[in-house]
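Following: one structure in structure tokens, then a few remarks.
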Amino acid sequence: MKADVDANAGTGDVRAPLDQAALARWMAVHVAGFKGPMTVTQFKGGQSNPTYRLDTPHARYVLRRKPPGVTLKGAHDVLREARVLAALAPTPVPVAQVHGICADETVIGTPFYVMAMVEGRIFWDATFGTVSRDERVGYFDAMNRTIADIHLVDVAAAGLSDYGRPGNYFTRQIGRWSRQYEEDAEAGRDPDMDALVAGLPGLIPVGEETSIVHGDFRCDNLIFHPERPEILAVLDWELSTLGHPLADFAYHAMMYRMPPDIVAGLGEVDPASLGLPTEADYVASYCRRTGRAGIPDWDFYIAFNVFRLAAIFHGIKGRVLRGTAASSHAAERAAAFPRLARLAHDAMATCRSRR
């Protein structure tokens with residue numbers, strides 16, 4: 001886990017170059033109160049969209065851009081991220097303030113947006129081991145409350161009714177990630193993924209729900225208050241859309257089952273021994289906040305999400321092979337893909353056995 005933290009935390013040299021003079025000229029026109037000089041560094045984390053820290057004598061900003069080079073259709077849409085951040089600003093969902101959006105590729109080579117730099121704590125370990133045992137339940141409760149708030153947003157009132165296609169979410173998502181897996185020929189094929197592509201559509205539960213979904217809600221995509229269990233900002237909205245809230249929540253709750261060396265997870269750890277709620281208690285808290293009696297077909301939602309994460313890792317593998325990966329630890333993620341595909345296949349088998 002320490003190696004993963006070292007690979008993600010903080011900033012370093014700019015790995016994906018940009019025209020800093022052109023950026024400063026653009027910000028002087030489009031970002032209220034901007035005044036140079038400006039120092040640019042790049043965050044170590046972020047496999048997908050290069051993310052930069054912009055420091056000036058008077059303010060700090062964060063820039064997110066589409067990566068340079070060839071990208072898959074529909075991927076890396078940073079302007080879509082900026083739209084949802086601006087739409088959620090008036091809601092209870094904590095997000096960073098968007099200062100400027102640029103669709104003009106001639107400025108720095110790709111579209112980008114600039115948002116406020118939110119200062120706080122990021123936890124890379126789902127055990128929250130750096131806070132006291134008694135405090136940990138508060139941090140889990142803050143995560144639970146925030147993802148519930150995301151799913152309770154009034155989509156129409158937020159102006160996001162066209163942010164995705166309502167209905168048939170699992171059919172569309174399984175199809176999307178299956179196509180992305182199958183079309184990335186450079187990343188290769190995997191027998192476990194082939195089985196998932198063939199088998200998951202037949203296990204989709206009956207019924208439809210639609211809400212805003214974050215798509216990658218994990219503890220390491222959250223900025224917490226420096227001293228208390230309060231979330232100041234939810235980061236990385238690249239995969240957000242209109243979708244099924246239980247798919248989104250199960251992805252988050254998957255931390256109870258994921259090995260910590262793949263993503264921030266609890267693996268085989270006994271949550272109660274660490275002062276954390278059990279998976280059942282965590283699910284019950286979410287149900288209480290969102291007015292549910294329970295979540296039937298929970299095993300399907302877990303199986304779907306492990307498959308989806310495996311497809312994401314497959315995409316990272318392809319970017320590593322093409323030389324367009326933005327993250328300094330993307331190669332480690334690529335190497336973990338076959339193991340994750342196996343975990344997804346096992347989860348699908350469990351789902352089938354309980355039908």
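The values are calculated or read from the model by the stated rules, or taken from the named source; none is laboratory data. As the structure is a computational prediction, the values presented were derived from the model and not from experiment. Positions of Cβ are generated from backbone atoms using ideal geometry, with glycine treated the same way; all protein chains shown enter the neighbour counts.
Quick look at the numbers
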read-out: Residue that is modelled with the lowest pLDDT, among those in the stretch 260-277 that are in contact with a helix residue (DSSP H, G or I) (Cβ under 7 Å, 6 or more places away or on another chain) and in a loop (DSSP other than H, G, I, E, B); value: Ala264
read-out: Helices (runs of 4 or more DSSP H) contained entirely in the stretch 278-355, each with at least 1 residues that are at pLDDT 90 or above and touching a Cys at 6+ places or on another chain (Cβ under 6 Å); value: 298-322
read-out: Residue within the stretch 253-274 that is among the hydroxyl-bearing types (Ser, Thr, Tyr), in the same structural domain as Asp162 (by TED's automatic domain parsing) and over 30 Å from Arg322 (Cβ atoms) present; value: yes
read-out: Residue within the stretch 189-203 that is hydrophobic (A, V, I, L, M, F, W, C) and either touching a Lys or Arg at 6+ places or on another chain (Cβ under 6 Å) or without any contact (Cβ under 8 Å) to a residue 12 or more places away in the chain (or both) present; value: yes
read-out: The stretch 168-204, residues that are assigned to a loop (DSSP other than H, G, I, E, B) and within 22 Å of the chain's Cα centre (by Cα); value: Asn168, Asp184
read-out: The lone exception for Tyr163 - which of (1) in the same structural domain as His252 (by TED's automatic domain parsing); (2) crowded, with 20+ Cβ neighbours inside 10 Å; (3) of a type in the set (Phe, Trp, Tyr) it fails; value: (2)
read-out: Check on Gly167, modelled with pLDDT under 95 and small (Gly, Ala, Ser); value: yes
read-out: Conditions (1) free of Cβ contacts under 8 Å to residues at least 40 places away in the same chain; (2) surrounded by fewer than 17 Cβ atoms within 10 Å (Cβ to Cβ); number of the one not met by Phe313; value: (2)
read-out: Criterion (under 21 Å from Leu276 (Cβ atoms) and within 17 Å of the chain's Cα centre (by Cα)) met by exactly one of Asp125, Asp141; value: Asp125
